[in-house]
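One structure is given below, encoded as structure tokens.
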Amino acid sequence: MNLPKFILGDNTDYPNAIYVIHTEFPRFIINLEDDEIEWFEDFDDEDEKELLAETENMIKQATEFYDNEILKYEE
């Protein structure tokens with residue numbers, strides 16, 4: 001199965017949360033309400049250094065995906 005790089009997620013128990021799921025390595029879910037990230041990967045110390053450098057870019061991509069999706073719903 002081919003999955004899109006990003007998927008929107010929703011949960012009525014958390015009405016203010018806006019979840020974006022990143023399906024490629026490194027897999028994660030981000031709550032755009034507070035930029036909290038939950039990683040689905042295990043990282044060693046060296047991976048973590050590289051990951052920290054890329055995290056800002058991943059948040060930016062997830063936010064841009066969300067913004068583009070919302071624009072599509074509003075059309």
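Among the residues of region 27-48, what is the count of those that are outside any loop (DSSP other than H, G, I, E, B) and without any contact (Cβ under 8 Å) to a residue 24 or more places away in the chain? Can you show your working first?
Initial filter on region 27-48 (outside any loop (DSSP other than H, G, I, E, B)): 28-31, 36-39, 45-48.
With without any contact (Cβ under 8 Å) to a residue 24 or more places away in the chain added as a condition, the list becomes 29, 31, 36-39, 45-48.
The total comes to 10.
Among the residues of region 36-51, what is the count of those that are closer than 27 Å to residue 16 by Cβ and either open to solvent by 50 Å² or more (accessible area, probe 1.4 Å) or in contact with a Gly (Cβ under 9 Å, 6 or more places away or on another chain) (or both)?
Residues flagged as closer than 27 Å to residue 16 by Cβ and either open to solvent by 50 Å² or more (accessible area, probe 1.4 Å) or in contact with a Gly (Cβ under 9 Å, 6 or more places away or on another chain) (or both) within region 36-51 amount to 4.
Suppose we filter region 11-26 for residues that are closer than 22 Å to residue 48 by Cα, out of contact with any helix residue (DSSP H, G or I) (no Cβ under 7 Å at 6 or more places or on another chain) and part of a loop (DSSP other than H, G, I, E, B); how many remain? Step through it out loud before you land on a result.
Pass one, region 11-26, residues closer than 22 Å to residue 48 by Cα: 20-26.
Still in the running and out of contact with any helix residue (DSSP H, G or I) (no Cβ under 7 Å at 6 or more places or on another chain): 21, 23-25.
So of that shortlist, the ones also part of a loop (DSSP other than H, G, I, E, B) come out as 23-25.
Total satisfying the criteria: 3.
Give the residue, chosen from 8, 71, that is in contact with an Asp or Glu (Cβ under 7 Å, 6 or more places away or on another chain), open to solvent by 50 Å² or more (accessible area, probe 1.4 Å) and not in a loop (DSSP other than H, G, I, E, B).
Working: 71 fails: in contact with an Asp or Glu (Cβ under 7 Å, 6 or more places away or on another chain).
One residue alone meets the criteria, 8.
The values are calculated or read from the model by the stated rules, or taken from the named source; none is laboratory data. Just so we're clear, the structure is a prediction, and the values are computed from it rather than from any experiment. All Cβ positions, even for glycine, are placed from backbone atoms using ideal geometry, and neighbour counts span all protein chains on display. Surface areas here come from the heavy atoms of the whole protein model, side chains and all, with no ligands, DNA or RNA. Shrake-Rupley method; radii C 1.70, N 1.55, O 1.52, S 1.80 Å.
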